[in-house]
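Data block below; observations after.
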Amino acid sequence: MGQCGITSSKTVLVFLNLIFWAAAGILCYIGAYVFITYDDYDHFFEDVYTLIPAIIIIAVGTLLFIIGLIGCCATIRESSCGLATFAAILLLVFVTECVVVVLGYTYRAKVEDQVNHSIQKVYNQYNGTSTDAPSRAIDYVQKQLHCCGIHNYSDWRNTRWFKESKNNSVPVSCCQPGISNCTGILTRPSDLYQEGCEALVVKKLKEIMMYVIWAALTFASIQMLGMLCACVVLCRRSHDPAYELLVTTNNYA
């Protein structure tokens, strides 16, 4: 009966190690996705510390690959030292992912204040050229999120670019798709996106942070199961004389 329980735990451990390898790739992908997306919105969010959860996620993903290798070797060779190391590293990663969740929620709560603080400044820096980083950022966001201005398209009237251009129009990135000959002229407001960008940028950045939080929670649960299985195998191996005899016999054979 004890041998059956140990075998079941070992089978689960091997399966979990395979999941850890898959998780390593997924976590690295999520971390990279956050970095790439942050680069598109970094002008609207000045706090670089927001990237800390993504950095930790990538580090955890890399560590999970190593954990999977250690776990497989320890399980196959039935090494008490290897299994103990495996469980200890899993505990460390579990704690790290709990930290990621806390940081994710902390920075997610700061997103709105950060965007509110910086978005007006970014719009005032707009000059309409493709070589200007703030201009590219605004055009990208307006096209991708289907928005115009901070709260609506009329906010463009208060920008330096609008006052200097004196053509009574907003950037063509405000034009709705499918509208032919749209120049952004304010006399044709139906051609323009009606929703402002501020709320949509906040929503997008909060969604990105939630990806990190849910990924950390999901794989923390898997790692908890891995720790339990490793502890079960270790405890039964040290307390089950029949199992010790079987292992010794198999090793000599």
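Couple of notes before you dig in:
- Selection status of residue 116, open to solvent by 40 Å² or more (accessible area, probe 1.4 Å) and either of a type in the set (D, E, K, R) or modelled with pLDDT of 85 or more (or both): no
- Residue count for region 120-133, restricted to those that are touching a residue at least 60 places away in the same chain (Cβ under 8 Å) and surrounded by fewer than 17 Cβ atoms within 10 Å (Cβ to Cβ): 1.
- Test: residue 102 is within 19 Å of residue 228 (Cβ to Cβ), β-branched (Val, Ile, Thr) and modelled with pLDDT of 80 or more: no
- The listed residue being of a type in the set (Val, Ile, Thr) and either outside any helix (DSSP H, G or I) or touching a strand residue (DSSP E or B) at 6+ places or on another chain (Cβ under 8 Å) (or both), out of 179, 208: 179
- When residues of region 81-90 are limited to those that are surrounded by 14 or more Cβ atoms within 10 Å (Cβ to Cβ) and not β-branched (Val, Ile, Thr), the one modelled with the lowest pLDDT: 82
- Total residues in region 174-199, condition open to solvent by 60 Å² or more (accessible area, probe 1.4 Å) and touching a Leu at 6+ places or on another chain (Cβ under 9 Å): 3
The values are calculated or read from the model by the stated rules, or taken from the named source; none is laboratory data. Keep in mind that this is a model prediction, so the values were computed, not measured. Every residue, glycine among them, receives a Cβ derived from its backbone with ideal geometry; neighbour counts consider all protein chains shown. Heavy atoms of the whole protein, side chains included, go into the accessibility calculation; ligands, DNA and RNA do not. Shrake-Rupley method; radii C 1.70, N 1.55, O 1.52, S 1.80 Å.
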